[in-house]
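Below you'll find the structure, written out as structure tokens, and then a few comments.
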Amino acid sequence: MIQSMTGFGKSLLQLPSKKITVEIKSLNSKSLDLNARIPGQYREKELQLRTLIANSLTRGKVDFSLHVEVTGEETTAAINPAVVKNYIRQLKEIVDGDETELLKMAVRMPDVLKTERAEIDETEFEGIEEAVSEALIEINKFRTDEGLALEKDLEFRVTSIERLLEAIIAMDPDRIEGVRERLKKGVADLRENVDENRFEQELVFYIEKFDITEEKVRLDNHLSYFKETLNSEDSNGKKLAFISQEMGREINTIGSKSNYAPMQQLVVQMKDELEKIKEQLLNVL
């Protein structure tokens, strides 16, 4: 079963004095491109969180955010009294003002607030890891649900190409007969006598250049392999994209060899379906 690279997961962790929100969203990318937004107090744990996410999401452009909202009285910022008093003393030397007004001016000065680096509580971080794991479960479920929709569309497109191939196989004898008749008419229009045996030999050689038997067989095999891979446990977007490239090669060759308008119309329809398949595969994990 395939998975989409598009997904979203969210989890909330409520602590006595803070609420922590974890959000993970992903879009398609050739490899894992992880962007993390984490508050400063948790920076030392960033690598650990990145590893946790990378082990679950192997591909995609992933945005991970950890938002902390303080709901209690807990704070890491405090007023530095010594700095405030020093500012007031210096201001008094400049102007004789009211203490309250001088205080208002002093608290706007640099270094009035000091921020103490809070040590990470391991129990709290374990809760954060659990919240991240819950968000990963949610985003993977989202990816799986999206993958089911992608799988149905890809199966529909491949089946459409199979039906078009069946139509090409059915009309191929008429195409060859048409080529034969056009050549005979061309020779007749020249009003020249030709050696029939030699003409048949040249005709067979000419028709062989337009033979698409191998292309039809290979395309049929690629279509079967695509479906088989789509439903296998190790199915992935890169492998399916490679098979679709091989399908495109055979379809293009059939189109260039056909020399027959009704068949070329079917080839155009095949190419249209294949392009839609390739577009969808860009989002397959």
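The values are calculated or read from the model by the stated rules, or taken from the named source; none is laboratory data. Please read all numbers here as calculations on a predicted model, not as lab measurements. Virtual Cβ from ideal backbone geometry, glycine too; neighbours counted across all protein chains shown. The accessibility values were calculated without ligands, DNA or RNA, using every heavy atom of the protein model including side chains. Shrake-Rupley method; radii C 1.70, N 1.55, O 1.52, S 1.80 Å.
List of remarks:
- Taking the criterion of being in contact (Cβ under 8 Å) with a residue 40 or more places away in the chain, touching a Ser or Thr at 6+ places or on another chain (Cβ under 6 Å) and closer than 21 Å to Asp121 by Cα, the only residue of region 24-67 that qualifies is His67.
- Of the set (1) outside any loop (DSSP other than H, G, I, E, B); (2) in contact with a strand residue (DSSP E or B) (Cβ under 7 Å, 6 or more places away or on another chain), all apply to Arg43 but (2).
- Annotation note: of Ile169, Ile161, the sole residue that is in contact (Cβ under 8 Å) with a residue 40 or more places away in the chain, more than 22 Å from Lys25 (Cβ to Cβ) and in contact with a Leu (Cβ under 7 Å, 6 or more places away or on another chain) is Ile161.
- Among the residues making up region 218-276, those that are of a type outside the set (Phe, Trp, Tyr), touching a residue at least 40 places away in the same chain (Cβ under 8 Å) and part of a loop (DSSP other than H, G, I, E, B) are Asn231, Glu233, Ser235, Asn236, Asn259.
- No other residue among Thr159, Thr123 is under 42 Å from the mean Cα position of the chain (by Cα), open to solvent by 80 Å² or more (accessible area, probe 1.4 Å) and not charged (D, E, K, R) apart from Thr123.
- Output for region 46-67, where each listed residue is assigned to a helix (DSSP H, G or I) and open to solvent by 40 Å² or more (accessible area, probe 1.4 Å): Leu47, Gln48, Arg50, Thr51, Leu52, Asn55, Ser56
- The residues of region 206-217 that are in a helix (DSSP H, G or I), in contact (Cβ under 8 Å) with a residue 40 or more places away in the chain and surrounded by 13 or more Cβ atoms within 10 Å (Cβ to Cβ), listed by number, are Glu215, Lys216.
- In summary, Ile24 fulfils each of the numbered conditions (1) over 13 Å from Val132 (Cα atoms); (2) surrounded by 17 or more Cβ atoms within 10 Å (Cβ to Cβ) with the single exception of condition (1).
- Residue match in region 1-14 (condition: open to solvent by 30 Å² or more (accessible area, probe 1.4 Å), without any contact (Cβ under 8 Å) to a residue 40 or more places away in the chain and among the β-branched types (Val, Ile, Thr)): no
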